[in-house]
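In what follows, a structure is listed as structure tokens, so that the remarks can point back to it.
A short reminder: the numbers here are calculations on the coordinates, not readings from a lab. Small disclaimer: the values here were computed from a predicted structure and weren't measured. Cβ sites come from the backbone with ideal geometry, for glycine too, and all protein chains shown count toward neighbours.
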């Protein structure tokens, strides 16, 4: 039996199912230390969505956890000093951890834990950073950051990389090949699969209620209306596409909401919906024929996983870290810049309107919690 202590800022919908599966492993005793503290739970105002959000799926079921006291004057995961836990390392030691697995270093307590446990017990690390946003050329600032990150990762024994771009990032910052363990970015695939057909029925009803015809081609954007997500790309795309049968559903809220609604107010092909909670997402993706993720900065883009698991084709920008690993010509397209609007338009119009009920699910099955657990099992044998 190996005792694994996971350090995570707060319960996250993508991680909770993995933790529950790990807790079922017969040779693992798992404890998750939530470092933001108890104040991370419940309904919270999200400044990017501009509204109070509370997830409608369970985040604490099926595994052991503890909320560590956070003494930060401004608690949260939005800045380095937002997570300060004076007793964290002692609590992990008292619990008797054989391995400490740290999810993200950019918090005061997480970085201190990296340094404290290095050489005492194996230090595992999980993050999804890439080099995609790295400025071109040389600068003192860039060099200083590179040296600092190499120093940070010297405290890591094993890094669980999520995909191609994340692996390149770790290699660039000094981690050796033997230190890297593949553990793909994953979602709860089974929650998005539709083995009974019920989700497809609900999606058809929703689609009909929105006024769409069977032959319409529906595009979907779902996320925060913020510059990083680049929702204004959809404005340009709809101006490029003059076909009446191509519809756009914009789902979300955020600082660009007013601007988007003003720019698209006269386009009757566009429908706006407010933020949709987690239980609605497996149905929402099925309304669409294409899910579009035009981000200018996205370390992965788990919406791609969700769309594919729902059988929906994907159009994503090259700035999405997961695009290279998940998208091929059969199930979507990767566009390089805003200058490729016509290429995206051509892909939407010329590709057959077919549902990826098999193809997408087959592809995404390789990016699963089971794959991560297999990697952990192999590491435990070493």
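Data overview
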quantity	calculated
Protection proxy ranking, peptides 318-324, 340-346, average beta carbon neighbours within 10 Å, highest first	318-324, 340-346
FRET efficiency for residue 236 and residue 297, using Cβ-Cβ distance with R0 set to 22 Å, rounded to 0.05	0.75
Added length on full extension, which subtracts the Cα-Cα distance from 0.36 nm per residue, residue 25 to residue 1	7.7 nm
At R0 = 51 Å, FRET efficiency that the Cβ-Cβ distance of residue 143 and residue 214 yields, to 0.05	0.35
Residue 91/residue 381 FRET efficiency (R0 25 Å; Cβ-Cβ; nearest 0.05)	0.35
Region 7-144: radius of gyration over Cα atoms, expressed as a fraction of 2.2 N^0.38 Å	1.16
Proportion of all alpha-carbon pairs of region 150-241 beyond 24 Å (%)	57
Distance in nm between pseudo-label sites at residue 350 and residue 98 (7 Å out along the Cβ direction from Cα)	5.6
Cα-based Rg of region 190-364 normalised by 2.2 N^0.38 Å, two decimals	0.94
Largest-first principal axis extents of the Cα set of the chain (Å)	64, 52, 40
When the convex hull of its Cα atoms is projected in every direction, mean area for region 210-306 (nm²)	6.1
Helical mean residue ellipticity (222 nm; -39500 (n - 2.57) per DSSP H run of 4+; nearest 500) of the chain	-9500 deg cm²/dmol
Computed over the chain: relative contact order in percent, which uses C-alpha pairs under 8 Å that are six or more apart	14
Theoretical gain in end-to-end length, residue 371 to residue 52 [0.36 nm per residue, Cα-Cα removed]	111.4 nm
95, 101, 206 arranged by Cβ crowding within 10 Å, fewest neighbours leading	95, 206, 101
Rel. contact order, % - alpha carbon contacts under 8 angstrom, at least six apart, region 1-66	42
Ranked 155, 367, 165, criterion: other C-beta atoms within 10 Å, fewest first	155, 165, 367
Difference of contour (0.36 nm per residue) and Cα-Cα distance, residue 342 to residue 44	103.2 nm
